[in-house]
Amino acid sequence: MQNKLVSLQNIRVKFDDDEILKGINLDIYDKEFVTLLGPSGCGKTTTLRIIGGFVTPDSGKVIYGGAEINDVPPHKRPFNTVFQKYALFPHLNVYENIAFGLRIKKLPEKQIKAKVTEMLELVSLKGFAKRNVNSLSGGQQQRVAIARALAIDPKVLLLDEPLGALDLKLRKDMQIELKKIQQQAGITFLYVTHDQEEALSMSDKVVVMDNGIIQQIGTPQDIYNEPKNAFVADFIGESNILDAVMKEDYIASLSGYDFKCLDGGYAKNELVDAVIRPEDVDVVPAEKGMLAGVVTSVVFKGVYFEIIIDINGFKWMIQTTDYQPIGAMIGISIEPDAIHIMKKSVYSGVYGDYSSFSDEVDNPEVETSNEVNTNL
Amino acid sequence: MTKKSSFLQKLIVAPYMVWAAAFIIVPMFFVAYYAFTDRNGNFSLSGFIATKNYIPLFIQSIWYGLLATVICLLLAYPIAFIISRAKPTTQKVLLMLVMIPMWMNLLIRTYAWMTILQDTGIINHILKLLGFGPVHMINTPGAVILGLVYNFFPYMVLPIYTVLLKLDGTLIEAAQDLGSGTTRVFTKVILPLSLPGIVSGITMVFVPSVSSFYIANKLGGISLIGDRIEELIRTNINLGAALSLVLMVLILVSISVMNKFTDEDGGILV
């Protein structure tokens with residue numbers, strides 16, 4: 001990634017007595033697809049609005065092009081927003097909505113027409129120019145909102161949960177479309193979502209936030225494979241998070257077994273969190289397993305079975321293609337590279353095991369709140 | 001089930017139907033009846049023919065009505081805007097201040113203005129104390145406009161306030177986001193979107209202003225068309241009814257012309 005486009009430096013925001021952002025530091029580079037990911041109320045939308053100019057930080061700096069732009073009003077910033085509920089102008093048709101920013105710039109009519117036509121084509125809405133925006137479907141309104149924001153060539157496009165109101169199928173299509181548009185338009189996207197799958201599939205860089213603090217910044221692979229703490233591990237995908245002890249470098253003891261792993265540099269016998277993804281656990285006969293336990297639940301998921309297995313009182317989630325009946329005694333085997341060790345954090349022990357798991361995979365907010373305190 | 005509910009529906013609307021018949025349709029019928037008959041009850045168009053003598057009065061009344069409406073709009077819009085952007089508790093207080101005069105009878109309010117504007121009234125009294133000569137205010141066209149504006153002002157504020165209150169704040173942010181400064185946010189988004197409120201405000205002020213009576217009489221010492229009709233109903237009910245009918249048609253035409261303008265901008269109902 002080349003040059004730094006926008007920087008947030010130690011941004012703090014308070015609404016009344018609520019501290020929404022507690023010192024955000026973030027660099028956004030040219031042509032990057034950056035996603036702010038986190039549960040409701042984590043401060044991701046506020047971060048976006050700070051860059052858009054709709055919220056002024058109490059302290060800290062917003063830097064663009066080497067200069068502080070804290071006090072530059074929204075209409076003078078080269079960033080455009082796709083609002084959560086689209087905010088299309090109901091008194092204007094599709095064409096005029098897209099032309100809105102161009103008309104403010106007082107461009108000649110011919111140029112406006114060319115640009116609007118180009119934008120309509122980019123978002124696959126050719127022939128919709130004269131339509132009333134209220135007669136469009138959610139997905140179409142979404143596209144108009146994107147076209148309208150892109151029409152005036154922003155340096156950064158800010159998207160606030162733009163797919164939140166669409167149904168699952170359309171959301172998946174729009175994810176692909178958005179990524180395509182971003183690559184074609186060649187501009188930076190800053191995307192806010194609470195949907196971890198969306199974040200992983202679209203982004204170059206994911207910024208995981210919780211409680212007004214950035215928890216981790218990294219590529220989707222980094223975030224998934226090398227989560228920094230229990231929050232990130234739990235929020236991104238399914239994970240078994242267990243207490244472990246680093247016996248020595250590359251040996252982690254958990255659930256009474258000394259596993260080989262690839263992590264080192266911890267103190268001898270340091271208490272740590274270990275993350276094992278459900279798909280990285282191999283099912284073997286009980287007597288051959290590193291650990292063994294009883295199957296307590298099996299759910300058919302199409303491609304795989306989701307099995308909950310009780311090992312020494314901790315319920316693991318395992319994804320396997322082999323059916324295992326409830327009550328069966330099975331063993332598990334874990335490769336060294338499937339174990340990820342994390343330092344203890346304030347989130348350690350918060351997420352518990354899968355004993356109260358109720359299949360709310362698609363809604364991280366509900367899932368998180370349900371699982372809190374289950375392992376106390 | 002459907003039959004039962006439709007009977008229920010009829011039952012519910014029945015009082016309104018009776019009310020409408022008794023207080024709208026029947027009186028209208030009588031107005032039309034008197035307009036098309038003479039003193040002896042025979043069919044006659046003499047009332048309408050005599051209307052031409054009143055053309056200058058019609059024009060004067062419409063002119064006063066227009067002026068009052070425009071002044072109301074210019075005053076009410078900023079006030080409605082300020083109220084709609086205030087804190088909810090402040091909004092309640094400000095709205096109350098706008099509406100309190102409506103709780104008093106129009107005649108009493110007009111009398112109050114008479115005493116205020118008189119040559120020996122409060123204003124002139126204060127001016128005299130300050131060493132300024134008496135300013136003649138009562139019985140001037142200005143006093144009539146003042147009376148009209150004062151009396152119908154709330155009817156302009158309320159519909160505009162309602163529309164502005166419902167205006168989606170993110171639309172304003174979207175306009176800013178797309179490069180509009182304060183002026184253009186107003187002219188390109190807020191104003192066009194508040195048009196429905198403006199139109200119903202104009203209607204609710206223009207109609208009663210044009211047909212008002214008493215106000216012009218007491219504050220201006222003149223008779224507008226409303227005052228003249230009121231006088232005629234007592235002396236020549238047929239002519240009075242004909243004038244009423246003509247006035248009503250004029251008002252209906254002007255309202256429908258105005259609605260034409262807004263319909264094109266997105267089907268607005270008054």
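The values are calculated or read from the model by the stated rules, or taken from the named source; none is laboratory data. A quick note: this is a predicted structure, and the numbers were derived from the prediction, not measured. So basically every Cβ, Gly included, is an ideal-geometry build from the backbone, and we count neighbours across all protein chains shown. The area values use the complete protein model at the heavy-atom level, side chains included, leaving out ligands, DNA and RNA. Shrake-Rupley method; radii C 1.70, N 1.55, O 1.52, S 1.80 Å.
Which residue fluctuates the most in chain A, going by a Gaussian network model with Cα springs under 10 Å, if the choices are A:Ala129, A:Ala274, A:Ala230?
It is A:Ala129.
Nearest-5 percent of antiparallel DSSP beta bridges in segment A:142-245?
Taking every DSSP beta bridge with both residues in segment A:142-245, the antiparallel ones total about 50 percent.
Counting only pairs 8 or more places apart or on different chains, how many lysine pairs in chain B have C-alpha atoms closer than 27 Å?
Close lysine pairs found across chain B: 8.
I need the Kirkwood Rh of segment A:4-225: take the reciprocal of the average 1/r across all distinct C-alpha pairs and report it in angstrom.
One over the average 1/r among Cα pairs gives 17.8 Å for segment A:4-225.
Based on Cα coordinates alone, diagonalise the gyration tensor for the protein assembly as shown, multiply each eigenvalue by 5, take square roots, and list the semi-axes in whole Å, largest first.
71, 29, 25
Would you mind working out the accessible area per residue for segment A:4-225, using a 1.4 Å probe, and quoting it in Å²?
Value returned for segment A:4-225: 41 Å² of accessible area per residue.
Considering only Cα-Cα distances, which of the following residue pairs are longer than 21 Å: A:Lys44/A:Lys180; A:Lys76/A:Lys155; A:Lys31/A:Lys180?
Violating the 21 Å Cα-Cα cut-off are A:Lys44/A:Lys180.
With all protein chains present, calculate the accessible area of A:Asp210 using a 1.4 Å probe and round the result to the nearest 10 Å².
Roll a 1.4 Å probe over it and A:Asp210 shows about 30 Å².
Rounding to the nearest 20 debye, state how big the charge dipole of the protein assembly as shown is about its Cα centre with +1 on each Lys and Arg Cβ and -1 on each Asp and Glu Cβ.
It comes to approximately 4220 debye.
Rounded to the nearest 10 Å², what accessible area does A:Asp258 have for a 1.4 Å probe in the complete protein model?
Counting only protein heavy atoms, the figure is 70 Å².
Provide the solvent-accessible area of A:Leu107, counting protein heavy atoms only and rolling a 1.4 Å probe, rounded to the nearest 10 Å².
50 Å²
May I ask for the Kirkwood hydrodynamic radius of chain A, worked out over all distinct Cα pairs and given in angstroms to one decimal?
The answer is 22.8 Å.
Which of the listed residues, B:Pro88, B:Ile160, B:Ile55, is farthest toward the dipole's positive end in segment B:52-259, when Lys, Arg count +1 and Asp, Glu count -1 at the beta-carbon?
B:Pro88
May I ask which residue of A:Met290, A:Phe314, A:Gln324 lies farthest towards the positive end of the charge dipole of segment A:278-358, with charges of +1 (Lys, Arg) and -1 (Asp, Glu) on Cβ and the Cα centre as origin?
A:Phe314
How about A:Lys344: which aspartates and glutamates have a C-alpha closer than 13 Å to its C-alpha, ignoring those fewer than 8 places off in the same chain?
Of all the aspartates and glutamates, those that pass the test against A:Lys344 - Cα under 13 Å, at least 8 places apart if same chain - are A:Asp243, A:Glu270, A:Asp273.
Using each residue's phi in segment A:276-288, evaluate 6.51 cos²θ - 1.76 cosθ + 1.60 at θ = phi - 60° and report the 3J(HN,Hα) Karplus result to the nearest Hz, with x for Gly and Pro.
Whole-Hz 3J(HN,Hα) from phi for segment A:276-288: 10, 6, x, 7, 8, 9, 9, 8, 9, x, 3, 6, 8.
Just the number, please: percent antiparallel of the DSSP beta bridges in chain A, rounded to the nearest 5.
Beta bridges within chain A, antiparallel portion: roughly 80 percent.
With the full set of protein chains in place, find how many percent of the accessible area of the protein assembly as shown is carbon and sulfur; take the probe as 1.4 Å.
That fraction is 61 percent.
Per residue, how many Å² of accessible area does segment A:230-370 show with a 1.4 Å probe?
44 Å²
With only alpha-carbon pairs counted, each pair once and no self-pairs, how large is the Kirkwood hydrodynamic radius of segment A:72-180 in angstroms?
When all Cα pairs of segment A:72-180 are included, the Kirkwood radius is 14.1 Å.
What quantity of accessible surface, computed with a 1.4 Å probe and excluding non-protein components, is buried in total between chains B and A, in Å² to the nearest 100?
Accessible area lost upon association: around 1700 Å².
Starting from 0.36 nm per residue, how many nanometres of slack lie between B:Val26 and B:Leu11 once their C-alpha separation is accounted for?
3.3 nm
Suppose R0 equals 56 Å. What FRET efficiency, 1/(1 + (r/R0)^6) with r the Cβ-Cβ distance, do A:Glu335 and A:Thr117 give to the nearest 0.05?
0.55
Give me the net charge of B:Leu57's neighbourhood, meaning all other residues with Cβ under 14 Å from the Cβ of B:Leu57; Lys, Arg count +1, Asp, Glu -1.
-1
Using a basic spin-label model with each label point 7 Å from the Cα along Cα→Cβ, how many nm lie between A:Asp167 and B:Ala112?
5.9 nm
Per DSSP helix of 4 or more residues, -39500 (n - 2.57); summed, then divided by the residues of the protein assembly as shown. What does that give at 222 nm, rounded to the nearest 500?
Calculated mean residue ellipticity at 222 nm is -14000 deg cm²/dmol.
Would you mind getting the accessible area per residue of segment B:24-64, heavy atoms of the protein chains only, 1.4 Å probe, in Å²?
69 Å²
First measure r as the distance between the Cβ atoms of A:Asp322 and A:Asp249, then evaluate 1/(1 + (r/R0)^6) with R0 = 25 Å and state the FRET efficiency to the nearest 0.05.
Once rounded, the FRET efficiency stands at 0.15.
Using DSSP, restrict attention to beta bridges with both residues in segment A:4-225 and report what percent are antiparallel, rounded to the nearest 5.
Just about 55 percent of them are antiparallel.
Amide H to amide H under 5 Å from A:Leu5: which residues, 5+ apart in sequence or cross-chain, H placed 1.01 Å off N in plane?
A:Ile28, A:Tyr29, A:Asp30
Compare B:Ile122, B:Ile62 by solvent-accessible area with a 1.4 Å probe and give them largest first, with all protein chains kept in place.
Result, largest first: B:Ile122, B:Ile62.
In whole Å and largest first, what semi-axes does the C-alpha gyration tensor of chain B yield when each eigenvalue is scaled by 5 and square-rooted?
Ellipsoid half-lengths, sorted descending, are 35, 32, 19 Å.
Spin-label point model (7 Å from Cα, Cβ direction): what's the B:Arg85 to A:Lys155 distance in nm?
2.9 nm
Any residues in segment A:39-59 that have 20 Å² or more less accessible area with all protein chains than in their chain alone, probe 1.4 Å, and which are they?
At a threshold of 20 Å² (probe 1.4 Å), the residues of segment A:39-59 that become less exposed are A:Arg49, A:Phe54.
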